[in-house]
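Report on the following structure.
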Amino acid sequence: MDVVLKDEVRHAKKHYKCDAYAWWTNCNLDLNDCMSDDQRLIVEAAEADKGRILPGQAYRYQRGLFEGRMVTWRERVGMGNVCRDLGLYADRT
């Protein structure tokens with residue numbers, strides 16, 4: 001995001017798409033790309049939930065401007081950490 005207006009951890013009240021999991025799948029990664037067993041468990045849990053954030057789960061919510069458009073980014077906290085650890089979106093905060 002070019003400008004982040006909101007960045008907070010929330011608890012889901014409904015189903016949301018996990019943008020970090022979508023990013024993971026778009027990069028064509030699989031469990032063999034994980035660096036640790038903990039990362040594998042996080043990715044397996046996201047896969048089991050079909051890449052969704054389920055009601056009651058903590059997720060990171062970001063709202064801001066990207067290329068002049070207002071965008072919203074939602075990610076499971078663990079899945080976002082896996083993506084950052086692997087350097088998948090180094091330009092994201």
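None of the figures in this text is laboratory data; all of them are computed from the coordinates on show. If you're wondering where the values come from, they're calculated on a predicted model, not measured in any experiment. In this analysis, Cβ positions are derived from the backbone assuming ideal geometry, glycine residues included, and neighbour counts consider all displayed protein chains.
Aspartates and glutamates near Lys14 by alpha-carbon distance under 16 Å, same-chain residues fewer than 8 away left out - which ones?
Candidates past the 8-residue exclusion: Asp49, Glu75.
Applying the Karplus parametrisation 6.51 cos²θ - 1.76 cosθ + 1.60 with θ = phi - 60° to the phi angles of region 69-82, what ³J(HN,Hα) value in whole Hz is obtained for each residue in order, glycine and proline being reported as x?
Rounded to whole hertz, the list is 10, 7, 10, 10, 10, 10, 9, 4, 4, x, 5, x, 5, 4.
When the Kirkwood hydrodynamic radius is evaluated over all pairs of different C-alpha atoms of the chain, what value in angstrom, to one decimal, is obtained?
Kirkwood radius, the chain: 13.5 Å.
Looking at the chain, which trypsin sites (Lys or Arg not before Pro) are DSSP coil and have at most 11 other C-beta atoms within 10 Å of their C-beta?
Lys13, Lys14, Lys50
Tally Lys/Arg at +1 and Asp/Glu at -1 over every other residue whose Cβ is under 14 Å from the Cβ of Ala46; what's the total?
On the way: positive: Lys17, Arg40, Lys50, Arg52, Arg60, Arg74, Arg76; negative: Asp19, Asp30, Asp33, Asp38, Glu44, Glu47, Asp49, Glu75.
In short, -1.
Run lengths n ≥ 4 of DSSP H only: what is the helix-derived mean residue ellipticity at 222 nm for the chain, with -39500 (n - 2.57) per run over all residues, to the nearest 500? Present the calculation step by step, with values, prior to reporting the outcome.
Numbers: 3 runs with 29 residues, N = 93.
Only helices count here, giving -9000 deg cm²/dmol.
With the chain treated as a Gaussian network of Cα nodes joined by springs under 10 Å, which of Ala20, Ala46, Ala12 yields the largest mean-square fluctuation?
Answer for the Gaussian network model of the chain: Ala12.
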